[in-house]
Amino acid sequence: MLSPFTIAESRPIEPLASGALQLSLQKLDTLGSVLYVAAHPDDENTKLIAYLANGERVDTTYLSLTRGDGGQNLIGGDLGEKLGMIRTQELLAARRIDGGQQRFSRAIDFGYSKTPEETLAIWDQDAALADVVWAIRSLRPDVIITRFSLEAGYTHGHHTASARLAKEAFTAAADPARFPEQLEFVEPWAAQRLLWNTSKWFYQRRGIEFDTKDVFFVETGGYNHLLGEAYSEIAAHSRTCHMSQGFGATPELGESKEYFKTLAGTEPEGSLFAGIDTTWGRVANSEPVAAAIQMAIERFNPSKPEAVLPQLLQAHRALSALPASFWQSKKLQELEVVIAACLALDVESIAASASAVPGAEVALDLRAIQRASLPVSIAFATRRADLARAKVYALPRNHLVHVSETAQIAANASISQPYWLRQPAERGSYMVDELSQIGAPENPAAIPIYVRLIVDGESIIFTIPSTYNFNDPIHGESKQPFTVTPPVMVNLEEGTHILGQNEPRQFTARVIAASEIAAASVHFDAGDGWRVEPASIPFSLEAGKELQVTAKLIPPTAASRTSLRASVEFEGQLYTRGYEALDYQHIPQQTLFPTATAAAVLLDVKIAGERIGYIPGAGDTIPEALRRIGYAVDTLTEADMNPETLAAYDTVVFGIRALNTNDRIAFYMPALFEYAQQGGVVVMQYNTNRGLKTMEYAPFPFTITRDRVTDETASMRFLAPDHRVLQFPNTITTADFEGWVQERGLYFAGDWDEAYTPIFAANDPGESPLAGSLLIAPIGEGYYVYSGLSWFRQLPAGVPGAYRLFANLMSLGQPAE
C-alpha cells in the first residue's frame, strides 16, 4: 500500500547546478525522514529545515496546520482566504530554497487565540487530529518535531494546540483503530520519537533561566560547500520569502545550536536519528541499488555529471524490479530526478492560452532539450494510458525538440478554484471531501503532460504541468499556472455596499466571457425586503470579452443587512462564480473563482466634515470604506506634510502599521502634531511594538503593547459615556458592537499620559479588563487618537456600528450640532 504523497507529483523537469546535483545524488543514499509541525506560515524553523534537508540529507516536511488566513498583509489589502493563498505560495517558495517539502491541514487561521482549548474547539479537535495523523501516515516520518511547547499561557493558542495535536497524533497514527477510513490509502505508522525544538527564547518569555537538563542539541551553524552557503544563510533566504509578513531576514553566521526535548518515544542518545536505520537496509534486497548509487557518488564529476549515468541507470533497473513499498517508490522518484539532472534535461509544456473552459481544446508546445552524449529519446501524451503508443522522438545532444500537441479539457473538469475553497468553510475548518487531497499545498496541474524518457534503453516516466509563458518587458520570461475557468463569470465590483436610509445605490457587475456567450442573462437577487432594478439583464458576448452592466439596489425602510447575489443564466445552466487574480511579483499568479456575492448594509450613519487625508501603512481598504459613506479621501505623502496642504483636511488617518513600514514616518510627525494643534484630528490605527520606525509617535506618551481582545463578542464597557466621540454625529450604544468579526482589537495602548481619555474597556473570558483600545487626547484646538480596534477588518466586512463609530472619529474636529 502506497501513500498518495509518494506518487510522483506534477513538477517541471529542469537542470540543476552541479553542487545541488551532487547533493541530490548523495541524498539518494539516505533513507530517513522528519516531520516538523507548527501552526502557521512563518512558524517553521528554516535553519533547522535547511540543516536537516541538506546537512543530514533526510526527507524533511513542514506541516503548517493553517495557511495563515487570519493574519495581516504587509504588502497589500488582500486578507482572509486570499491571504491564505499568498502565504501558501510563500511557503512553497521557502521550501524550494531550504530543501524541505510543504503540507497543510484543513484548519483555518481564525485569528489570534489565547488558549489551546479555544483553538481546538473551533478547529474541531478530532478533524484537526485526523489531518495530522493523515500527514504522519502518508509521510512516515522517523522523527516528529514540534516548534512549540505543550505548556499553555506563553504563546498563541494555535501554537500550543499544534504541539498537543502532534503529541496525540504520534500515538494515534500507529493505532489502526484510530481513523480507520484512512487505511484504504495508507498504513498505520509509528514514528521513533517526538521532540520539542525548544530555545532560550521560550524560557526567557517565562522569566526563567534556560534549563539545559534533559536537553539535546544539534549544531546547525555549519557551511554546505555544495550549495555555497551556511545553513543560516539558506534559512535567511527561505524566511525572507514570507514577504506578506515582512519577515526579511539577515543571516547569523557562526556556531548555532538547536535544542530538543523528548516528548514521546525513544531518547535521541546523542543524535536525532539514534537507533534509526537510515540506510538502504530499510528496503529488502536493495543491495544492488545501494552499490550502484554508492559507485555513482564516488565517481561523480561536477564538470561531467553524465559520466555517472551508467551507474544511475543500473540503480534504476534494480530499484524498479523491487516490490513496491514506501521507500522504493520515494527513492525511485528521487533517482529519476537525478538522472534527468545528469542529462541537463529541460522539458516544458507551454499552453497557447492562459486558460480554457471545460470541453475545450488547448494547443500545447512541448519542448525538450538534453546535454548528454548518451542515446536519448522522448515521447509525450496528454493521458498516461496513451504514453506506451505515443510517437517517440530522438533527442540528440543540445538539440531543442518542439512537438505540437492538443489537450482536450474534460467536459466535466473542475474549474481551478483552490480545492480547499470549493465548498463553504466552517468557522474553524475548510471542507474537503476527497481524503487524498487533504494536506496538498495546491491543486494538481490543470493539464498534466506525461513524458516517457528513454535513456540508453531504460524507460523513465515523468509528469509535468502545463504553464502559460509570456515575456514581461521588465522581468523577462514569466510563467503562470494554466487554469480551467467557467465559460462565463460575473464579478460584483464592490465587496460591500453601504446605503443610507431611502437612498437607492447604483452598482456595477462585470461579466467575463471565457467562451462565446449568446442569448444569456445576468440575474441579481438581494432578498430580505431589498430590491434590484432591473433584476435581470439580457446580453450576448464574444469569447474573451467583458461587459459592464449596472443596476440599482433599493433598500428596505428599516436598517438591515443582506447578501447581494449575481448569476448568469446560459444554455440552461446557472453560473454563480466570479474571477479574481492575485498578482504579486514574488509568487506565481494565483486565480480564484469566488461566489458572486457582496454584502449590502442599510445603516443609519451620519458624517461631519468632508475631506480625509490617508497615510498608507501596511495595506488596508479603509479609504474605500470611508468613500462609501461620503468622504473624499486623498493619499498623503511626505511632500504633503506642511501646514498649507494639511489644513485642507478635516482628519488625517494613519493606515495600519504605518509606524512599522514607513521609513520616513518620523519626519511626518512634527507637521502632524502642529496640524492637530491648529484644529485638525490625527487618528493613528494600530501598530506593532516591534520594529517601530520612530518612538516620537504621539504628542503625549503612551506605549504600544501586545494586549488584545480576541473575542469579537466581548462586552464593551463605556468608560467615558459622555465623550463627544460617543455622541456626535452618531449616538453610539452597545448595539453598535454587534456583528463584529474575528476580534475586537489588537496592540492596545498602555501606560498612557493623563492627557488621554480611554473610551472603552473590554476583556477576553477570564482576563482583566483592558482600557487601551481607544485613547483620545485634545491637543491645542484639535485631537490625537490612538485606536487598536480592528477597523481594517470591521469596515470591509460592513459592520454597521464600526462605520458609525469611525465616522464619529472622523468628525471629532467638527462643531457639534
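The values are calculated or read from the model by the stated rules, or taken from the named source; none is laboratory data. Predicted model, so just to flag it, every value in this text is computed and none were measured. Cβ placement follows ideal geometry from the backbone for every residue including glycine, while neighbour counts extend to all protein chains displayed.
Given the residues A581, A632, A618, which is the only one that is closer than 30 Å to I97 by Cβ, within 34 Å of the chain's Cα centre (by Cα) and surrounded by fewer than 19 Cβ atoms within 10 Å (Cβ to Cβ)? Working first, answer last.
Numbers: A632 fails: closer than 30 Å to I97 by Cβ; A618 fails: surrounded by fewer than 19 Cβ atoms within 10 Å (Cβ to Cβ).
A581 is the lone residue from the list that is closer than 30 Å to I97 by Cβ, within 34 Å of the chain's Cα centre (by Cα) and surrounded by fewer than 19 Cβ atoms within 10 Å (Cβ to Cβ).
The rows are residues; the columns are (1) closer than 28 Å to I86 by Cα; (2) at pLDDT 95 or above; (3) in contact with a Leu (Cβ under 9 Å, 6 or more places away or on another chain).
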site: A513; (1), (2), (3): yes, yes, yes
site: H523; (1), (2), (3): no, yes, yes
site: A558; (1), (2), (3): no, no, yes
site: D583; (1), (2), (3): yes, no, no
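Identify all residues within region 632-651 that are touching an Asp or Glu at 6+ places or on another chain (Cβ under 7 Å) and in contact (Cβ under 8 Å) with a residue 40 or more places away in the chain; write none if there are none.
Result: D650, single match.
Mind counting the residues in region 725-784 that are within 27 Å of R427 (Cβ to Cβ), within 30 Å of the chain's Cα centre (by Cα) and either surrounded by 21 or more Cβ atoms within 10 Å (Cβ to Cβ) or basic (K, R) (or both)?
9
Test of understanding: among T688, T705, T734, which residue is farther than 21 Å from F654 by Cα and touching a residue at least 12 places away in the same chain (Cβ under 8 Å)? Outline the logic, then answer.
Details: T688 fails: farther than 21 Å from F654 by Cα; T705 fails: farther than 21 Å from F654 by Cα.
None of the others qualify; the one that does is T734.
Suppose we keep only residues that are touching a Ser or Thr at 6+ places or on another chain (Cβ under 6 Å) and not in a loop (DSSP other than H, G, I, E, B) within region 788-817. Which one would you say is nearest to E743 (Cα to Cα)?
Start the filter on region 788-817 by keeping residues that are touching a Ser or Thr at 6+ places or on another chain (Cβ under 6 Å), which leaves 788-789, 796, 798, 810.
Among the residues that remain, those that are also not in a loop (DSSP other than H, G, I, E, B) are: 789, 810.
Details: L789: 8, M810: 22 Å.
Per the criteria, the residue is L789.
Kindly evaluate F728 against the criterion of being assigned to a loop (DSSP other than H, G, I, E, B), of a type in the set (A, V, I, L, M, F, W, C) and under 18 Å from D650 (Cα atoms). First the steps, then the outcome.
Values: assigned to a loop (DSSP other than H, G, I, E, B): yes; of a type in the set (A, V, I, L, M, F, W, C): yes; under 18 Å from D650 (Cα atoms): yes.
Spelling it out, F728 is indeed assigned to a loop (DSSP other than H, G, I, E, B), of a type in the set (A, V, I, L, M, F, W, C) and under 18 Å from D650 (Cα atoms).
Each row is one residue, and each column tells you yes or no for (1) under 30 Å from D126 (Cβ atoms); (2) surrounded by fewer than 16 Cβ atoms within 10 Å (Cβ to Cβ); (3) in contact (Cβ under 8 Å) with a residue 12 or more places away in the chain; (4) not assigned by TED's automatic domain parsing to the domain that holds E118.
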residue	(1), (2), (3), (4)
N398	no, yes, yes, yes
V403	no, no, yes, yes
Y419	yes, no, yes, yes
S436	yes, no, yes, yes
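Hey, could you check region 118-163 for residues that are part of a loop (DSSP other than H, G, I, E, B) and of a type in the set (K, R) and say which is surrounded by the most Cβ atoms within 10 Å (Cβ to Cβ)?
Step one: list which residues in region 118-163 are part of a loop (DSSP other than H, G, I, E, B), which gives 124, 140-142, 147-156.
Still in the list and also of a type in the set (K, R): 140, 147.
Working: R140: 22, R147: 25.
Checking each candidate, the answer is R147.
Please return the ranges of strands (runs of 3 or more DSSP E) entirely within region 536-583 where 3 or more residues are in contact (Cβ under 8 Å) with a residue 40 or more places away in the chain.
Values: elements: 536-541, 546-554, 560-570, 573-575, 580-582.
Counting at least 3 such residues, we get 546-554, 560-570.
Any residue that is acidic (D, E) and buried (at least 17 other Cβ atoms within 10 Å of the Cβ) - is there at least one of those in region 246-256?
Here is the first cut: in region 246-256, the ones acidic (D, E) are 252, 255.
Within this subset, residues satisfying the condition of being buried (at least 17 other Cβ atoms within 10 Å of the Cβ) are none.
No, the conditions are met nowhere in region 246-256.
Failed condition for G428, given (1) of a type in the set (G, A, S); (2) at pLDDT below 95; (3) surrounded by fewer than 18 Cβ atoms within 10 Å (Cβ to Cβ); (4) on the phi < 0 side of the Ramachandran plot, with all others met?
Status for G428: all satisfied but (3).
Take region 51-78 and flag every residue that is surrounded by fewer than 23 Cβ atoms within 10 Å (Cβ to Cβ) and under 15 Å from the mean Cα position of the chain (by Cα).
Passing the criteria: G70, G71, Q72, L74, I75, G76, G77, D78.
Have a look at A410, A379 and point out the one that is crowded, with 20+ Cβ neighbours inside 10 Å and hydrophobic (A, V, I, L, M, F, W, C).
Working: A410 fails: crowded, with 20+ Cβ neighbours inside 10 Å.
It is A379.
Regarding region 531-548, can at least one residue be identified that is crowded, with 17+ Cβ neighbours inside 10 Å, touching a strand residue (DSSP E or B) at 6+ places or on another chain (Cβ under 7 Å), more than 30 Å from Q314 (Cα to Cα) and not hydrophobic (A, V, I, L, M, F, W, C)?
no
Of these, L194, L226, L183, which one is assigned to a strand (DSSP E or B) and either crowded, with 19+ Cβ neighbours inside 10 Å or over 27 Å from the mean Cα position of the chain (by Cα) (or both)?
Numbers: L226 fails: assigned to a strand (DSSP E or B); L183 fails: assigned to a strand (DSSP E or B).
From the options L194, L226, L183, the qualifying one is L194.
Being part of a loop (DSSP other than H, G, I, E, B) and touching a strand residue (DSSP E or B) at 6+ places or on another chain (Cβ under 8 Å) is the filter; apply it to region 257-279 and report the residue that is surrounded by the fewest Cβ atoms within 10 Å (Cβ to Cβ).
Step one: filter region 257-279 for residues part of a loop (DSSP other than H, G, I, E, B), giving 266-279.
The next check asks that each one be touching a strand residue (DSSP E or B) at 6+ places or on another chain (Cβ under 8 Å); those that pass are 266-268, 270, 272-273, 276.
Working: T266: 14, E267: 12, P268: 21, G270: 7, L272: 23, F273: 20, I276: 20.
In this case the residue turns out to be G270.
Go through region 461-494 and report how many residues are in contact with a helix residue (DSSP H, G or I) (Cβ under 9 Å, 6 or more places away or on another chain) and surrounded by fewer than 21 Cβ atoms within 10 Å (Cβ to Cβ). It would help to see each step written out before you state the result.
Of the residues in region 461-494, the ones in contact with a helix residue (DSSP H, G or I) (Cβ under 9 Å, 6 or more places away or on another chain) are 461-463, 494.
The next check asks that each one be surrounded by fewer than 21 Cβ atoms within 10 Å (Cβ to Cβ); those that pass are 461, 463, 494.
The number of residues fulfilling the criteria is 3.
Can you find even one residue in region 32-53 that is in contact (Cβ under 8 Å) with a residue 40 or more places away in the chain, out of contact with any Lys or Arg (no Cβ under 9 Å at 6 or more places or on another chain) and part of a loop (DSSP other than H, G, I, E, B)?
No - not one qualifying residue is present in region 32-53.
Within region 594-613, can one find any residue that is basic (K, R) and buried (at least 17 other Cβ atoms within 10 Å of the Cβ)? Before you say what the answer is, go through the steps one by one.
As a first pass, look at region 594-613 and keep what is basic (K, R): 606, 611.
Checking which are buried (at least 17 other Cβ atoms within 10 Å of the Cβ) leaves us with none.
Looking for residues that are basic (K, R) and buried (at least 17 other Cβ atoms within 10 Å of the Cβ), one finds none in region 594-613, hence no.
Test V682 against the criterion of being in a strand (DSSP E or B) and either free of Cβ contacts under 8 Å to residues at least 60 places away in the same chain or charged (D, E, K, R) (or both), and give yes or no. Give the steps one after another, and end with the answer.
Numbers: in a strand (DSSP E or B): yes; either free of Cβ contacts under 8 Å to residues at least 60 places away in the same chain or charged (D, E, K, R) (or both): no.
Taking the combined requirement at face value, the residue does not satisfy it.
Identify the single condition in (1) buried (at least 21 other Cβ atoms within 10 Å of the Cβ); (2) over 30 Å from N808 (Cβ atoms); (3) in contact with a Gly (Cβ under 7 Å, 6 or more places away or on another chain); (4) not aliphatic (A, V, I, L, M) that F524 does not satisfy, given that it satisfies every other one.
The single condition F524 does not satisfy is (3).
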